[in-house]
Structure formats: structure tokens, C-alpha cells
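Below is one structure, written out as C-alpha cells; comments come after it.
Each value in this text was obtained by applying a stated rule to the coordinates, not by laboratory testing. Since this is a predicted model, take the numbers as computed values, not measurements. All Cβ positions, even for glycine, are placed from backbone atoms using ideal geometry, and neighbour counts span all protein chains on display.
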Amino acid sequence: MEISFTGKRALVTGATKGIGREIAKQLAKCGAQVVAIGRDQTHLNTLKQESPLIETICADLSDWNATTSALSKIGPIDLLVNNAGLGWVKPMTEITEEDVDSVFAINTKGLINVTRIVSKNLLARKAPGSIVNLSSQASLAGLMHHTVYCASKGAVDAFTRAAALELGPHNIRVNCVNPTVIMTDMGRLGWSDPKVAEPMLQKIPLRRFGEVQEVVDVVLFLLSDKASMITGSCLPIDGGFVAC
């Protein structure tokens with residue numbers, strides 16, 4: 001199945017590394033004009049070197065006004081991937097106000113703000129659009145010491161459904177994907193120890209973690225016209241984790 005985004009402009013947040021970076025590069029390979037947003041200018045520069053046609057913007061999505069300003073002259077966007085995310089492992093009794101604010105500022109507030117900006121432009125142009133939010137299996141099942149992260153991703157799922165309801169009549173689709181542990185550089189670092197990985201693997205029927213390309217492929221499908229009847233969905237990419 002071939003997917004083409006020729007003539008489309010795509011915005012990808014959290015595009016400096018990992019899943020977001022690969023989504024941006026693959027969208028460009030499929031013909032989209034890609035705008036990549038991230039907080040690290042050095043990583044954005046290397047992305048630009050790898051894919052010279054990608055436009056880059058350095059911005060901190062946790063800052064509502066700064067993000068609005070950075071995107072004020074971005075031009076028309078047809079496809080949006082809200083990939084930027086933040087989280088860590090910490091017992092609930094040790095959570096601080098700063099922990100909650102920082103995670104929700106990126107995972108939830110920043111995602112809502114970028115979606116608001118892109119949707120407003122789509123509606124003004126009366127143009128169809130497709131939005132994919134990167135959620136997590138942590139929104140569908142409780143994970144030990146992930147309380148704040150789980151809460152922030154649960155909010156992403158709820159926002160996805162509500163936004164799909166509101167934007168559907170305007171032919172703007174909104175979906176999210178919910179990956180399990182994915183073998184990014186960070187994923188390999190955190191889950192390379194068998195003592196850490198094995199308990200999680202035992203909960204995944206396929207008995208393995210996901211690869212970056214397996215998330216990229218699903219995101220591109222949902223963005224494309226091949227998924228023209230899919231909106232408001234939260235699609236696990238988890239090897240069957242939530243089936244258990």
C-alpha cells in the first residue's frame with residue numbers, strides 16, 4: 001500500500017529525536033512539506049542536514065504564548081502529529097507540584113494548544129485535515145510509578161475523542177496511537193536490563209517491545225486518506241498488552 005502526501009503540509013512536534021524525528025523524515029519521503037518543532041536546536045540542525053527540505057522551528061511547547069507566537073506565521077498545515085512528550089518514573093508519594101506541572105505542560109497543555117492553532121487555520125480555510133496524537137499504553141492501563149504520566153496521557157485520549165467529535169463535521173479527523181515500550185535510543189537505555197524488561201514482556205502477548213518504524217507506519221496510515229473513515233480512535237500499538 002503506497003501512501004503519498006504530495007501537496008500536503010505537515011507539522012510534527014517533538015521532532016528532534018526518536019519517534020517524532022522518524023515520522024518527520026518519513027513524511028518528507030512521502031512527499032509532504034514538513035515543519036518540525038523541537039526544543040533542541042542542535043538536534044534540529046542535524047535533522048535538517050539529513051532531510052534538507054524539512055523546515056525547523058525551535059520552540060518550548062510548555063510555554064503557551066511563546067508557542068502561539070512561534071506558530072503564528074507557520075502558514076497552512078494539513079497534517080499534524082502531536083508527538084512531543086515528557087515523563088519519568090517516580091512513586092506517587094514523592095510527586096511534587098513541579099512534576100505535575102512540567103509533565104502536563106508538554107503532554108497535555110502543549111498538545112491542546114498546537115491542535116487549537118492548527119484546527120483554527122483548517123477551519124478558516126474550510127480545508128480537510130488529519131491529526132494524530134501520540135498517547136501511550138499508560139493511558140489504558142495503570143503502570144507502577146507512572147501516575148502523573150498515566151494521567152497526562154489519559155487526558156490526551158479524552159481530548160482526542162472530544163476534538164474528533166467537534167471537528168468531524170468539518171472533515172478534520174483526530175486520532176491517537178498508544179504505543180507500548182518502543183526501542184528508541186532512550187527505550188533501549190531504560191529497558192535493556194532483563195530484570196527490568198522481563199516483567200513487562202510477560203504482559204505482552206507478542207513477548208517483545210515495539211520498534212520505531214512500527215509506530216511510524218501506523219501514524220502515517222492514520223494521517224492518510226487510507227484511514228478516511230477513522231476518527232476519534234485510540235489505537236494501541238502494544239503487542240496485545242491491553243488485551244491481557
If one puts a single equal scatterer on every Cα of the range 78-193 and applies the Debye formula without solvent, what log₁₀ I(q)/I(0) results at q = 0.21 Å⁻¹?
-1.12
Kirkwood hydrodynamic radius of the range 1-119, Cα pairs, Å
14.9 Å
Computed FRET efficiency, Cβ-Cβ of Asn45 and Thr6, R0 25 Å: what is it to the nearest 0.05?
0.40
Scalar couplings 3J(HN,Hα) for the range 135-152 by Karplus 6.51 cos²θ - 1.76 cosθ + 1.60 (θ = phi - 60°), nearest whole Hz, x for Gly and Pro, are 9, 6, 4, 5, 8, 10, 8, x, 10, 4, 6, 10, 4, 5, 4, 4, 5, 5
Of the candidates Gly187, Val114, His145, the farthest towards the positive dipole end of the range 80-188 (Lys/Arg Cβ +1, Asp/Glu Cβ -1, centred on the Cα centre) is Val114
For the range 9-243, would you read off the P(r) tail past 23 Å as a percentage of all alpha carbon pairs?
47 percent
Tilt, helix 41-50 to longest principal axis of the chain (alpha-carbon atoms), in degrees rounded to tens, equals 70 degrees
How far apart, in nm, are two points set 7 Å out from the Cα along the Cα-to-Cβ line at Lys90 and at Gln213?
3.7 nm
Enter the per residue convex hull volume of the range 119-244, computed from alpha-carbon coordinates, in Å³ rounded to the nearest integer.
115 Å³
Magnitude of the Cβ-charge dipole of the chain, K/R +1 and D/E -1, about the Cα centre, nearest 20 debye?
640 debye
If packing is taken as the average count of other Cβ atoms within 10 Å, what order do 171-179, 83-91 fall into, highest mean first?
171-179, 83-91
Output for the range 77-164: trypsin sites (Lys or Arg not before Pro) sitting in coil per DSSP, at most 14 other Cβ within 10 Å, listed by number, reads Lys126
Helical contribution to [θ] at 222 nm, DSSP H n ≥ 4, -39,500 (n - 2.57), averaged over the chain, rounded to 500:
-12500 deg cm²/dmol
Among Ile204, Cys234, Leu123, whose Cα sits farthest toward the positive end of the charge dipole of the chain (+1 at Cβ of Lys/Arg, -1 at Cβ of Asp/Glu, about the Cα centre)?
Leu123
Rounded tilt (10° steps) of 18-29 against the dominant C-alpha axis of the chain
30 degrees
Distance in nm between pseudo-label sites at His170 and Ala243 (7 Å out along the Cβ direction from Cα)
3.7 nm
Relative exposure of Thr96, Thr184, Thr16, judged by other C-beta atoms within 10 Å (fewest first)
Thr96, Thr184, Thr16
Looking at the range 148-223, which GluC sites (Glu not before Pro) are in a loop (DSSP not H, G, I, E or B) and have at most 16 other Cβ atoms within 10 Å?
Glu211
Could you state the angle between the C-alpha long axis of helix 212-223 and the longest principal axis of the C-alpha atoms of the chain, as a value from 0 to 90 degrees rounded to the nearest 10?
40 degrees
